[in-house]
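**Student:** Please find one structure pasted underneath; my questions will follow.
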Amino acid sequence: MKKTLLATAIIGALGASAAAQAATVYDQDGTKLDVYGRIAMGIAGGGAEYNDDKEKIDNSAEFVDVYSRLGLRMSQEVNSDLTAFGRVEWRFKGDERYTESGFTEVRQSYLGLQSKQYGTVQAGNFDSFYNQFVSLPFDWEIDRGLEFAGHTKQSRGDSIGYYTPNLEGWTAFLQLKYYSERGRLENVPGGADGVRDDGNVVAAQGGVRYEQGPITVGLGFVDDVVRGGGNGEIMGGLIGSYQINDQLTARLGYEGRENSSTRGGGYDTFGLGGTYTTGPWAFAADIYNVDNDGDDDSRTAWALGSYYKVSSNFDVFLELNQRDQQSIDVTIGGGDGVRVDRADGDDIYYLTGARYHF
């Protein structure tokens, strides 16, 4: 197809209502191009009452963009077994006029080769494989609430990864992220904390996932290097889900990281949750116990979400999150009656809005 015709097809797809959440603008002789995205807006409020310096902040309601995006998926069949593919995705602000540029972020941009027999290899800027194969059962929130490692964990740029085809339910994965010092001055401290790790650094992550019938279980690790926001220790997780019936799914997981002797940052997190669907409705709930090394005590966090599908392309939602649940201490004594003491904590964070998918 000529470039002018292809561009016309893309513009036409963006300007029309799509019947599904992706529009195929070209599919011929093994070459395919899909356009997809969403426009999402909502109202958010609550959350933290104080900043890092313990100063009071305004956490009142605000009209917000909810991660609107536009993306392209490309693929071409090399032969009956091998397919070359690429993907690029941008984020933009959908709630207000933005004049600095058309997009605010290149969220994903990668290419690769997929073999039905030997597996898939890809390189570039993509979601953490640990998130895709291990912590994904808990990663249902549109915004806040996930306490396990998310899609940016030691990933998103300068990465290469490989995962096997499904082998009787088993899939193994390995990803390497490269942190380079090329072009930096020697013997000059750097980094957000003023401490430089000499030499180039490779952060590895890997593991296995098992999927069979209603059961999904993922076991993985991440070399949580300091350069990528970690503490230099290995992080590991064992997370799974069980589909009880067509409507109800339960999930359970553990994730932890040792405390570093120089940088701290150790933790143990246990999560329990479930999802229930009925007709156009979906409801999800998770609760976590997070034990941070070095803190006086652990914290309890929870997340709730409800979603209603108005049509195949349009849905509305409400999410609630409490990152540190306030404790309740009930004391009964003498003439004092009943006293309830609530520890200081953040307000409940809420987000409600609507999304149109194409």
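**Student:** Which one of VAL208, VAL222, VAL201 is buried (at least 19 other Cβ atoms within 10 Å of the Cβ) and of a type outside the set (Ser, Thr, Tyr)?
**Tutor:** Checking each option against the conditions leaves just VAL222.
**Student:** Something else: Taking region 22-47 on its own, how many of its residues are in a loop (DSSP other than H, G, I, E, B) and open to solvent by less than 40 Å² (accessible area, probe 1.4 Å)?
**Tutor:** Total meeting the criteria: 4.
**Student:** Tell me the residue from ARG299, ARG251 that is open to solvent by less than 40 Å² (accessible area, probe 1.4 Å), farther than 28 Å from PHE173 by Cα and either within 19 Å of the chain's Cα centre (by Cα) or not β-branched (Val, Ile, Thr) (or both), please.
**Tutor:** Of ARG299, ARG251, the one residue that is open to solvent by less than 40 Å² (accessible area, probe 1.4 Å), farther than 28 Å from PHE173 by Cα and either within 19 Å of the chain's Cα centre (by Cα) or not β-branched (Val, Ile, Thr) (or both) is ARG299.
**Student:** Note down all Cβ pairs under 8 Å where the first residue falls in region 127-156 and is closer than 22 Å to ILE348 by Cα and touching a residue at least 40 places away in the same chain (Cβ under 8 Å), the second is open to solvent by 10 Å² or more (accessible area, probe 1.4 Å) and among the β-branched types (Val, Ile, Thr), and they're at least six residues apart or on different chains.
**Tutor:** TRP140/THR275
**Student:** Could you pull out the residue among ARG184, ARG144 that is under 18 Å from the mean Cα position of the chain (by Cα) and either loosely packed, with under 15 Cβ neighbours inside 10 Å or of a type in the set (Lys, Arg) (or both)?
**Tutor:** Just one listed residue meets the conditions, ARG144.
**Student:** Just give me the residues in region 266-286 being within 19 Å of VAL217 (Cα to Cα) and β-branched (Val, Ile, Thr), in sequence order.
**Tutor:** Hits for region 266-286 are THR269, THR275.
**Student:** Restricting to region 302-316, name every residue that is within 15 Å of GLY353 (Cβ to Cβ) and more than 22 Å from the chain's Cα centre (by Cα).
**Tutor:** The answer is VAL310, and nothing else.
**Student:** Residues being closer than 23 Å to TYR98 by Cβ and of a type in the set (Lys, Arg): count how many of those fall in region 53-74.
**Tutor:** Going residue by residue through region 53-74, those that are closer than 23 Å to TYR98 by Cβ are 58, 60-72.
Then keep just the ones that are of a type in the set (Lys, Arg); that gives 69.
Qualifying residue count, region 53-74: 1.
**Student:** Checking ALA284 against (1) of a type in the set (Gly, Ala, Ser); (2) modelled with pLDDT of 95 or more; (3) surrounded by fewer than 19 Cβ atoms within 10 Å (Cβ to Cβ): exactly one of these is not met. Which one?
**Tutor:** (3)
The rows are residues; the columns are (1) at pLDDT 95 or above; (2) over 23 Å from GLY206 (Cβ atoms).
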residue	(1), (2)
GLY37	yes, yes
GLY47	no, yes
ASP53	no, yes
ILE57	no, yes
SER60	no, yes
GLY94	no, yes
THR104	no, yes
SER109	yes, no
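**Student:** Something else now. So which residues in region 256-296 are under 22 Å from LEU320 (Cβ atoms) and among the charged types (D, E, K, R), if there are any at all?
**Tutor:** ASP286
**Student:** Further question on the same structure: Residue pairs, Cβ under 8 Å, 6 or more apart or interchain, first in region 76-96 and over 30 Å from PHE63 (Cα atoms) and open to solvent by 50 Å² or more (accessible area, probe 1.4 Å), second assigned to a loop (DSSP other than H, G, I, E, B) and at pLDDT below 95. List them.
**Tutor:** Filtered contacts from region 76-96: GLN76/GLY30; GLU77/GLY30.
**Student:** Further question: Can you name the residue in region 113-147 that is hydroxyl-bearing (Ser, Thr, Tyr) and part of a strand (DSSP E or B) and, of all such residues, is farthest from GLY228 (Cα to Cα)?
**Tutor:** Step by step, filter region 113-147, then rank; the result is SER115.
**Student:** Next up: Regarding region 110-133, can at least one residue be identified that is open to solvent by less than 50 Å² (accessible area, probe 1.4 Å) and of a type in the set (A, V, I, L, M)?
**Tutor:** Yes, region 110-133 has at least one match.
**Student:** While we're here: Restricting to region 51-69, what's the tally of residues that are over 22 Å from GLU319 (Cβ atoms) and either touching a helix residue (DSSP H, G or I) at 6+ places or on another chain (Cβ under 9 Å) or open to solvent by 60 Å² or more (accessible area, probe 1.4 Å) (or both)?
**Tutor:** Of region 51-69, the ones over 22 Å from GLU319 (Cβ atoms) are 51-56.
When the remaining residues are screened for being either touching a helix residue (DSSP H, G or I) at 6+ places or on another chain (Cβ under 9 Å) or open to solvent by 60 Å² or more (accessible area, probe 1.4 Å) (or both), the result is 52-56.
Within region 51-69, residues that are over 22 Å from GLU319 (Cβ atoms) and either touching a helix residue (DSSP H, G or I) at 6+ places or on another chain (Cβ under 9 Å) or open to solvent by 60 Å² or more (accessible area, probe 1.4 Å) (or both) number 5.
**Student:** Tell me the residue from TYR110, TYR98, TYR67 that is of a type in the set (Ser, Thr, Tyr) and part of a strand (DSSP E or B), please.
**Tutor:** Criteria check complete, one pass: TYR110.
The values are calculated or read from the model by the stated rules, or taken from the named source; none is laboratory data. As the structure is a computational prediction, the values presented were derived from the model and not from experiment. Virtual Cβ from ideal backbone geometry, glycine too; neighbours counted across all protein chains shown. Only protein heavy atoms, including side chains, enter the accessible area calculation; ligands, DNA and RNA are left aside. Shrake-Rupley method; radii C 1.70, N 1.55, O 1.52, S 1.80 Å.
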